[in-house]
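A.B. asks: Here's a structure for you.
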Amino acid sequence: MKKIDLHMHIMTVCNLPKIGKFNLSGPKKMIAHMQELGIEKAVLMSSGEKKIPFGKNSVCQKICQKYPQYFAWMCMLDEKDKDTVYDRLAEYKRQGAVGVGELTINKKLNDPFLQEVFAAAQKLQMPVTIHMSPEEGFSYGVVDEPRLPLLEEVLKAYPELKILGHSQTFWIEMSADAPDGKEERNSWGQGPVKEGGRVPELFEKYPNLYGDLSANSAGQAIMRDPAFGLAFLEKYADRLLFATDMVNADMVFPLGAWLDEQVKNGSLSCSAYEKICRKNAQQIFGL
């Protein structure tokens, strides 16, 4: 079965070939790579509305218009004009955006601008993928404290809003012994998962919390303790979505092959596998 990837970054050939330490691939190279990995379609994450070359809304939209068979896109907002948040999101939805993501504004989750984004996204029925950071000014992403109290407040306040958790700071909370230090919270989880972690607790309490299974942050959260990870996948199969976070055609994250192996050997049910790898994306995002 072909997969749908809920989290990818690419560029057009006219843009810069590198950002930070990463080389970036254009659509044609990435499509070939997707086909090698059994990925039929990918959702592009946006960097916002800024006049920068890396993945802004208009770039994502143009790529999807040119290659609609292979790509869809989510939009992002720049932190400005709080009163126009709803109108801007509504316009991006009209242009074809299937959600908001990845939300990386480096403010606490209770910041007034972020609250406007959540309220507008709920009203417009646009799921939001959040990249979480442990501290303002430390690394990019929306900010929460250890044990994710602010995320819980958002989940309570916007019960009809689908929020997809993503990044190290989110997935490190899979285990009850998650660290408190900002450096440690920004790392991948290691070793056996201790029961009572905050992420499983929030999944249990709030049906509007979903999981973006991209990058090594989510991969490690699932694979670090296979028995626990497989049980988590089965229990919340309706709310977990396969994703990679690839930015170039040289990248391969191990979770995809691991999921294939688990369903092949009978450790993961076909039903859960199909929902996570494809059906949830089709149902939730209309892909």
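A.B. asks: Keeping to region 186-223, report how many residues are assigned to a helix (DSSP H, G or I) and exposed (fewer than 15 other Cβ atoms within 10 Å of the Cβ).
C.D. replies: Count: 2.
A.B. asks: Tally time: how many residues in region 180-207 are in contact with an Asp or Glu (Cβ under 7 Å, 6 or more places away or on another chain) and not β-branched (Val, Ile, Thr)?
C.D. replies: Residues meeting the conditions: 6.
A.B. asks: Condition first: acidic (Asp, Glu) and without any contact (Cβ under 8 Å) to a residue 12 or more places away in the chain. Can you find one or more residues in region 204-212 that meet it?
C.D. replies: Looking for residues that are acidic (Asp, Glu) and without any contact (Cβ under 8 Å) to a residue 12 or more places away in the chain, one finds at least one in region 204-212, hence yes.
A.B. asks: I'd like to check something: does region 236-244 contain any residue that is outside any strand (DSSP E or B), within 16 Å of the chain's Cα centre (by Cα) and buried (at least 22 other Cβ atoms within 10 Å of the Cβ)?
C.D. replies: yes
A.B. asks: I need the full set of residues from region 250-287 which are part of a loop (DSSP other than H, G, I, E, B) and within 19 Å of the chain's Cα centre (by Cα), in order please.
C.D. replies: MET251, VAL252, PHE253, PRO254, GLY286, LEU287
A.B. asks: Looking at region 71-87 only, could you name the residues that are touching a helix residue (DSSP H, G or I) at 6+ places or on another chain (Cβ under 6 Å) and either surrounded by fewer than 18 Cβ atoms within 10 Å (Cβ to Cβ) or over 16 Å from MET45 (Cβ atoms) (or both)?
C.D. replies: Within region 71-87, GLU79, LYS82, VAL85, TYR86 meet the criteria.
A.B. asks: While we're on this one: Go through ALA121, ALA90 for me and flag whichever is part of a helix (DSSP H, G or I) and crowded, with 22+ Cβ neighbours inside 10 Å.
C.D. replies: Going through ALA121, ALA90 in turn, just one is part of a helix (DSSP H, G or I) and crowded, with 22+ Cβ neighbours inside 10 Å: ALA121.
A.B. asks: Residues in region 124-152 that are within 17 Å of GLU79 (Cα to Cα), buried (at least 17 other Cβ atoms within 10 Å of the Cβ) and not β-branched (Val, Ile, Thr): how many?
C.D. replies: Of the residues in that region, 5 qualify.
A.B. asks: In region 153-169, which residue that is part of a helix (DSSP H, G or I) and in contact with a Ser or Thr (Cβ under 9 Å, 6 or more places away or on another chain) is surrounded by the most Cβ atoms within 10 Å (Cβ to Cβ)?
C.D. replies: Among residues in region 153-169 that are part of a helix (DSSP H, G or I) and in contact with a Ser or Thr (Cβ under 9 Å, 6 or more places away or on another chain), the one surrounded by the most Cβ atoms within 10 Å (Cβ to Cβ) is THR169.
A.B. asks: Kindly list the number of the only condition in (1) buried (at least 18 other Cβ atoms within 10 Å of the Cβ); (2) assigned to a helix (DSSP H, G or I) that fails for GLU102.
C.D. replies: (2)
A.B. asks: Given the conditions (1) outside any helix (DSSP H, G or I); (2) buried (at least 23 other Cβ atoms within 10 Å of the Cβ); (3) among the hydrophobic types (A, V, I, L, M, F, W, C), report the number of the one that ALA176 does not fulfil.
C.D. replies: Only one criterion is unmet by ALA176, namely (2).
A.B. asks: Follow-up. Does any residue in region 234-249 that is at pLDDT 95 or above come within less than 9 Å, Cβ to Cβ, of a residue that is of a type in the set (Lys, Arg) and in a loop (DSSP other than H, G, I, E, B) six or more places away or on a different chain, and which pairs are these?
C.D. replies: ARG239/LYS162
A.B. asks: Suppose the filter is touching a helix residue (DSSP H, G or I) at 6+ places or on another chain (Cβ under 7 Å), in contact (Cβ under 8 Å) with a residue 12 or more places away in the chain and of a type in the set (Phe, Trp, Tyr); does TYR140 pass it?
C.D. replies: Here the answer is no, as TYR140 does not meet what is asked.
The values are calculated or read from the model by the stated rules, or taken from the named source; none is laboratory data. Keep in mind the model is a prediction, meaning the values are calculated, not measured. Don't worry about glycine lacking a Cβ; one is built from the backbone with ideal geometry, like all the others, and counts go over all protein chains shown.
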